1. Any chance you could count how many residues in the stretch 18-58 are in contact with a helix residue (DSSP H, G or I) (Cβ under 6 Å, 6 or more places away or on another chain), hydrophobic (A, V, I, L, M, F, W, C) and outside any helix (DSSP H, G or I)?
2. Residues of the stretch 50-71 being open to solvent by less than 70 Å² (accessible area, probe 1.4 Å) and among the aliphatic types (A, V, I, L, M), which ones?
Amino acid sequence: MGRSGQRPAPTGEPQQPEACHCLFAHPQNDSQRQEVAAALRAARQAGDAVGTLVGLAQLGPCPARAAKEAR
């Protein structure tokens, strides 16, 4: 949204997904979700506890995605 609180006029270009502004950026489409899932699998296989926690946090619910799905 712009400063006036109104959304900019559509330009005919494909809509970009809502940006995630969470501490751990959540994937906003299937390809991003697959990348995070692959990183989570790799972290688990390597025994990387921090990487596992980050991956789990990223795959959790995201307010931006929920707003997109509510439309």
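The values are calculated or read from the model by the stated rules, or taken from the named source; none is laboratory data. Because the structure is predicted, anything quoted here is derived from the model rather than measured. Glycine gets a Cβ as well: all are built from the backbone with ideal geometry, and neighbour counts include every protein chain shown. Keep in mind that these areas ignore ligands, DNA and RNA; they rest on the heavy atoms of the full protein, side chains included. Shrake-Rupley method; radii C 1.70, N 1.55, O 1.52, S 1.80 Å.
1. 2
2. Applying the first criterion (open to solvent by less than 70 Å² (accessible area, probe 1.4 Å)) to the stretch 50-71 yields 51-52, 54-55, 57-60, 62, 64-67.
The answer is Val54, Ala57, Leu59, Ala64, Ala66, Ala67.
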